[in-house]
Every structure is written in structure tokens, then in C-alpha cells.
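A.B. asks: Take this structure, written in C-alpha cells, and hold onto it; I'll ask about it next.
The values are calculated or read from the model by the stated rules, or taken from the named source; none is laboratory data. On a predicted model such as this, the values are computed, not experimentally measured, just so you know. With ideal geometry, Cβ positions are generated from the backbone for all residues, glycine too; neighbour counts draw on all protein chains shown.
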Amino acid sequence: MLPVTALYAALIALLFLGLSARVILYRRSHRLSLGDAGDPALLQRMRVQANCAEYAPFGLLLLALAEAQGGPAVALHLLGLTLLAGRVLHAYGFAQEPQNMGLRVAGMALTLTMIAVTALGLLGHALI
């Protein structure tokens, strides 16, 4: 079992569902069914959702591997919180009009830091 990873996977899944709902509701209210139809607001919503879909699974996979390798619970929670905070900050900053670049950058920095730290920890564990 991977209870720490399950917790953060569930929280990030809820975030993703919220981002998906924003796209779906916008599409329905504007009667747009395919692509972005040249609508910048729809494109922005789609990219917020897609960015989460692009980065979150990789971070969760690394978290699961670290947990399966017996990583300390405190470290796993710190990594999970870092990933979650990164995804929330990035989504919130990206979704603002105008975009809040500070939050977007902070969100990506947290996400990429989590991925890098976890990858290096797994690499170190594998080599030692």
C-alpha cells in the first residue's frame, strides 16, 4: 500500500476535476465543442487543465516510487505537499485575468523542485 501517495493523488485528482469542470462549463455556456475555436479564454482554461495533466502524473509516479522504496513519511509528505502546492499555485495564477505570473512561476518552481528532488533521491537510493 502507498497511503501517502494515495492522499496526494486524490487531492490532485480533485484539483484536476475542478480544472476540467471549468473547461466543460465554459464550452457548454459558449456552445463550443471542438478545439479552442479561436477563443482565448477557452484556450487559457484548456492550457491550465493540460498543464496539470502534463506534470502531476509524473510527480505522483515519482512519489509512489519513493514511497515504495521506503522513504520516510515526513519526506514523502513534504514532497507531496510541494507537488500539490505547485499545481494549485500554477493553476490559480494561470487562471487569473490577467495572469499572475508570480504565482505561475512559483507553482512551476515548486513542481519542478519536487520532481528534481524526488528523482535525485531515487537515483541516490538506486546507486547506494
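A.B. asks: Among the residues of region 85-128, which ones are more than 18 Å from LEU63 (Cα to Cα), part of a helix (DSSP H, G or I) and not hydrophobic (A, V, I, L, M, F, W, C)?
C.D. replies: HIS90, TYR92, GLY93, GLY102, ARG104
A.B. asks: Among the numbered conditions (1) farther than 15 Å from THR111 by Cα; (2) of a type outside the set (Val, Ile, Thr); (3) out of contact with any His (no Cβ under 6 Å at 6 or more places or on another chain); (4) exposed (fewer than 13 other Cβ atoms within 10 Å of the Cβ), tell me where ARG47 comes up short.
C.D. replies: (4)
A.B. asks: Of (1) touching a His at 6+ places or on another chain (Cβ under 9 Å); (2) buried (at least 20 other Cβ atoms within 10 Å of the Cβ), LEU84 satisfies all except one. Which?
C.D. replies: For LEU84, the exception is condition (1).
A.B. asks: Can you find, within region 14-23, the residue that is farthest from LEU62 (Cα to Cα) among those that are surrounded by 13 or more Cβ atoms within 10 Å (Cβ to Cβ) and either at pLDDT below 95 or among the aliphatic types (A, V, I, L, M) (or both)?
C.D. replies: Top of the filtered list is VAL23.
A.B. asks: Within region 60-77, which residues are exposed (fewer than 13 other Cβ atoms within 10 Å of the Cβ) and part of a helix (DSSP H, G or I)?
C.D. replies: Those that are exposed (fewer than 13 other Cβ atoms within 10 Å of the Cβ) and part of a helix (DSSP H, G or I): ALA68, ALA73, VAL74.
A.B. asks: In region 33-44, which residues are touching an Asp or Glu at 6+ places or on another chain (Cβ under 9 Å) and surrounded by 15 or more Cβ atoms within 10 Å (Cβ to Cβ)?
C.D. replies: Within region 33-44, LEU42, GLN44 meet the criteria.
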